[in-house]
Structures are given as structure tokens and as C-alpha cells.
Amino acid sequence: MQDIATFQALHRFGLGPAPGDATTIGDDPRGWVRQQIEPQRIPAALRNFESSADILSAIHSAGAQGAQEVQRATRRAMRAAYAGEVVSRTREMIVSRRPFAERMLLFWSNHFTVSSAKAIIGPSIPAYEREAIRPHVFGRFADMLKTVVRHPVMLSYLDNVASAGDDSRLGRRRRARTGTKTTLNENLAREVLELHTLGVNGGYSQHDVIEFAKTITGWSHGGMRRPNAPRPLHGRFEFRPEFHEPGAKRVLGKKYAEDGQEQGLQVLDDLARHPATARFIATKLVRHFVADDPPAAAIERIAKTFRETDGDLSAVSTALVDLDASWQSPLSKVKSHYEFLIAAHRAIGAQNVGPREIIRPLTELGQVPFAAPSPQGWGDTAADWVAPEALIRRIEWVRRFSATRPVTMPSDVILDDLIGPVATDPTRTEVGRAPSGDAALALILASPEFQRR
């Protein structure tokens with residue numbers, strides 16, 4: 001690895017160096033990253049997994065046999081659909097020659113978090129990422145937003161499938177039967193405003209939350225009906241008019257005429273174009289690629305690109321690569337546990353990793369894929385990942401990982417290939433004193449330089 005810019009291209013914009021990457025980059029690290037910004041295709045290794053619609057349909061169909069059978073169907077799908085695709089998705093990131101695209105997938109998947117904490121959607125979350133996020137990583141933000149919010153997994157995760165307008169046909173019946181004051185669920189509307197678009201300081205009010213929630217009443221999927229209902233059960237998006245709150249709504253000062261399911265789509269289009277959304281997204285991106293405390297000038301530049309290109313994420317991604325601040329302070333960011341595991345496997349040129357190498361250590365480290373503790377997703381600052389206990393767990397895993405790897409290259413060559421331009425004298429000294437090749441590898445992977453990006 002010849003210079004710090006190469007280190008940053010591989011660790012910050014990529015997912016860690018794989019054998020031969022530094023040679024491929026040559027003397028143009030930024031160009032190597034830029035050339036990865038192109039329309040996304042589903043990798044061959046992920047194309048044969050079940051759709052979320054099929055997974056959800058099977059689980060909800062089991063409801064005809066009662067709650068216990070739903071639980072059994074969910075557990076079966078977790079073993080098959082979830083575990084299989086998590087392993088294949090991780091393996092794809094380990095072997096990918098376009099790691100910047102995979103990094104951006106991780107960023108957007110975390111931005112639009114859904115979690116297996118809600119068990120019934122757990123098996124279909126990898127499919128949700130493949131269907132709703134991966135195709136739009138370098139597309140338009142508005143398209144990703146609308147696809148995500150209408151996806152059955154997101155609708156279920158944030159309880160919109162149960163939301164009915166108070167004056168909808170079903171809402172009126174439900175209120176008369178139960179005496180409840182409201183049948184509206186605000187969860188999805190609130191999180192779209194707070195976490196996905198405007199941000200908590202984006203200028204919306206509780207009134208806006210309620211009005212937006214009304215526009216998306218009726219957004220559901222075909223698993224939310226009795227097994228003997230006249231319409232067949234399925235796991236795809238479905239608009240249910242009997243749940244929809246009729247009439248015009250006013251969100252952020254703008255009036256939206258009644259238009260069925262289109263009313264909510266119009267709100268999402270406007271949210272995607274809102275200046276507060278541009279600033280919120282830019283802040284998160286600059287925090288991810290520059291520093292935990294993102295500099296204001298960098299935020300404004302990325303927000304400006306977002307606004308001027310109507311949320312074109314290929315242009316936004318290019319602006320991030322062209323941002324000089326992204327190439328300063330090479331050790332300012334810390335790898336998450338998942339990124340750290342991927343980087344370690346890439347470092348040794350791993351190919352056929354399985355559940356033992358992926359799911360088990362991530363469980364020990366505390367970052368099981370698609371299991372974020374809240375809709376905010378996983379944190380993106382050093383404090384989220386380098387607490388003393390977390391560092392101890394990483395070091396213990398690195399020792400076990402390195403002990404099973406045959407190391408034939410000299411330790412100084414491995415060090416130079418992985419962290420050479422940023423390696424400190426203490427790190428070089430410790431690695432040079434290592435009694436064996438696997439011990440040297442463990443020291444390199446456990447070093448502060450490798451754990452950072």
C-alpha cells in the first residue's frame with residue numbers, strides 16, 4: 001500500500017483491503033472509488049433467495065393454525081431465508097470488487113433500519129434490503145424513500161398495517177366497538193419525518209405527524225386478513241381503502257387533496273425535496289465519511305449537491321468522493337463490528353465463509369445483522385464501538401480468528417499491505433516481535449490503525 005490516500009480508499013470508502021486491491025488502485029485512489037458509482041444489480045449470489053412477499057405470505061398463512069404455528073413458521077424461515085441470505089450477503093461484501101457500493105448499501109440499510117426485534121418480519125429483512133434498498137443505492141433518494149415506506153416489512157415494523165383513520169369505514173366501526181378515541185397509529189409517519197427525511201430538528205410539528213399519518217392510512221400488505229377472507233392472502237403491498245382517512249390533509253403548510261394511496265406518495269415526494277432533508281442526509285453522510293463531528297462546510301457542500309440534483313445519489317456519492325475533507329484525518333472513524341469482521345476476512349482473502357465465521361462472532365461482538373436496538377439503527381461514532389468491553393471482545397475474536405489461518409507471508413509485508421501508510425512505530429515494533437505469523441496477523445488486525453477507517 002503506497003500512500004495514505006490508498007489506505008483511505010480501501011478502509012474508509014471500501015470495506016478493507018483484499019489481496020491485490022492496492023495494485024488495482026495504482027496511483028488513482030479517488031478514481032478507483034468513483035468508477036464503482038454505477039447502477040446497482042442484484043449480485044448473482046443473492047438472486048435465488050425468496051422474495052419478502054413469499055416469506056411473509058408463508059408466515060401469515062400459518063395463522064390459520066394459530067399463534068404457535070406462526071411462531072414455528074417464523075423460526076423455520078429464520079433458519080432458512082434469514083440465515084442463508086445474511087451469510088451470502090456478508091460473503092458478497094468480503095469478495096466484492098466494488099466495496100464502495102457495498103459500503104453505501106450498509107449506510108442506506110442502516111438509515112432505513114428495520115429490526116428482527118419484531119420477530120414476524122425477521123426472516124424477510126434481508127429480502128427487504130435486496131428489494132427496496134440495493135437497487136436505489138446510486139439512484140434517486142425519492143425513489144428509495146417511496147419504495148422503503150411502502151414495503152410490507154417497513155409497514156409491519158412501524159405498525160402502519162394496524163393504522164386506520166378515525167373517520168375511515170373501519171376506524172368508525174372500531175371506535176364504536178371498543179370506545180377508543182383514535183385508531184390512528186403515528187409510528188411510521190413520525191419515524192419517516194424524524195429519522196428518514198427532515199430530522200428531529202427539521203421544522204415539523206405534532207400536527208404534521210398526525211396529518212402525514214392520515215395520508216398513509218390504508219398502506220398495508222395482503223397478509224393482514226383472515227385466512228377465509230374472499231381475497232387471497234399474500235405478502236405484497238396492498239392499499240386498503242376501508243382503513244384510509246378520507247379528505248384533504250395539510251402537512252408542513254401544504255394542502256394535499258384526497259387521492260387515496262397517491263396522497264401519501266405526494267407527501268413523500270415533497271419530503272424528499274425538502275431543504276431540511278438535504279441537510280439531514282448530508283450530515284449523516286459527512287459523519288460517516290469524514291468525522292464524528294461533521295464539519296459544517298462539508299455538510300453544506302453535500303446538501304447543495306443533494307438539492308441541485310433532486311436527490312441523485314450517484315451525484316451525492318461522487319461529491320463525497322470529491323470532498324477534500326473525506327481524505328483528511330485517515331484514522332478519524334472507527335469500524336463497526338460488522339465492518340471489522342468483513343475487513344478481517346477481506347485481509348486474508350477469505351472466500352467460502354459460513355455461519356460459524358459470520359453469525360456466531362457477530363452475536364458475540366454484539367452486532368447481529370438486521371437487529372439494531374431501535375429504528376435509529378446502529379450508531380456511527382467511535383463511542384458506539386470502542387468501549388473497553390467491546391475492544392476486549394474484538395481482541396479475543398481476532399486471536400481465535402488468526403490462530404486458524406495459515407500465514408506464510410512475512411509479517412512486515414502483511415502490515416504494509418493492510419495498514420502500512422498509517423502504521424505507528426509502536427505497532428511496527430510489536431508486530432516485529434511477534435513469535436509466529438498468526439500472532440503477527442492478530443496484532444495487525446487488533447491494532448488501532450486497522451480498527452479505524
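Side notes on the structure shown:
- Residue selected from the range 378-409 under the condition β-branched (Val, Ile, Thr) and part of a loop (DSSP other than H, G, I, E, B), by the criterion surrounded by the fewest Cβ atoms within 10 Å (Cβ to Cβ): THR408
- Index of the failed condition, ASP259 passing every other in (1) closer than 20 Å to ALA132 by Cα; (2) free of Cβ contacts under 8 Å to residues at least 40 places away in the same chain: (1)
- For the range 228-246, the set of residues classified as farther than 16 Å from VAL149 by Cβ, surrounded by fewer than 23 Cβ atoms within 10 Å (Cβ to Cβ) and either touching a Pro at 6+ places or on another chain (Cβ under 7 Å) or of a type in the set (Val, Ile, Thr) (or both) consists of LEU233 only.
- Which numbered condition ASP269 fails, given (1) in contact with a Phe, Trp or Tyr (Cβ under 8 Å, 6 or more places away or on another chain); (2) touching a residue at least 40 places away in the same chain (Cβ under 8 Å): (1)
- Boolean, GLY179 is touching a residue at least 12 places away in the same chain (Cβ under 8 Å) and among the small types (Gly, Ala, Ser): no
- One residue from VAL334, VAL316 being over 18 Å from ILE4 (Cβ atoms) and in contact with a helix residue (DSSP H, G or I) (Cβ under 6 Å, 6 or more places away or on another chain): VAL316
- Criterion applied to ARG150, ARG98, ARG169 was being at pLDDT 95 or above and under 29 Å from ARG356 (Cβ atoms), and the one residue passing it is ARG98.
- Subset of the range 215-268 [in contact with a strand residue (DSSP E or B) (Cβ under 6 Å, 6 or more places away or on another chain) and among the aliphatic types (A, V, I, L, M)]: ALA248, VAL267
- Pairs where the first residue, in the range 414-431, is outside any helix (DSSP H, G or I) and the second is modelled with pLDDT under 95, C-beta under 7 Å, 6+ apart: none
Results for (1) touching a Pro at 6+ places or on another chain (Cβ under 8 Å); (2) crowded, with 23+ Cβ neighbours inside 10 Å; (3) not assigned by TED's automatic domain parsing to the domain that holds VAL200, shown as yes or no for each residue.
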| position | (1), (2), (3) |
| --- | --- |
| ARG250 | no, no, no |
| GLY253 | no, no, no |
| THR277 | no, yes, yes |
| PHE280 | no, yes, yes |
| ALA291 | no, no, yes |
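- Every residue from the range 344-386 that is hydrophobic (A, V, I, L, M, F, W, C) and farther than 28 Å from ILE414 by Cα: VAL368, PHE370, ALA371, ALA372, TRP378, ALA383
- Lone qualifier among VAL86, VAL70 - being touching a residue at least 40 places away in the same chain (Cβ under 8 Å), farther than 17 Å from HIS221 by Cβ and either β-branched (Val, Ile, Thr) or not in a loop (DSSP other than H, G, I, E, B) (or both): VAL86
- Test: residue in the range 345-363 that is in contact with a helix residue (DSSP H, G or I) (Cβ under 9 Å, 6 or more places away or on another chain), at pLDDT below 95 and more than 23 Å from PRO99 (Cα to Cα): no
- The lone criterion from (1) under 20 Å from the mean Cα position of the chain (by Cα); (2) of a type in the set (Ser, Thr, Tyr); (3) surrounded by fewer than 17 Cβ atoms within 10 Å (Cβ to Cβ) left unmet by SER52 is number (3).
- Where GLN36 falls short, out of the listed (1) free of Cβ contacts under 8 Å to residues at least 24 places away in the same chain; (2) closer than 23 Å to HIS136 by Cα; (3) not aliphatic (A, V, I, L, M): (1)
- Scanning the range 288-344 for residues that are modelled with pLDDT under 95 and either part of a helix (DSSP H, G or I) or on the phi > 0 side of the Ramachandran plot (or both) turns up just one, SER329.
- Restricting the range 212-227 to residues that are surrounded by fewer than 22 Cβ atoms within 10 Å (Cβ to Cβ) and touching a residue at least 12 places away in the same chain (Cβ under 8 Å) leaves a set whose member that is farthest from ALA282 (Cα to Cα) is PRO227.
- Residue in the range 65-88 that is modelled with pLDDT of 95 or more and closer than 30 Å to THR408 by Cα present: yes
The values are calculated or read from the model by the stated rules, or taken from the named source; none is laboratory data. Being a predicted model, the structure only gives us computed values, none of them experimental. Using ideal geometry, Cβ is built from the backbone for each residue, glycine included, and neighbour counts are taken over all protein chains shown.
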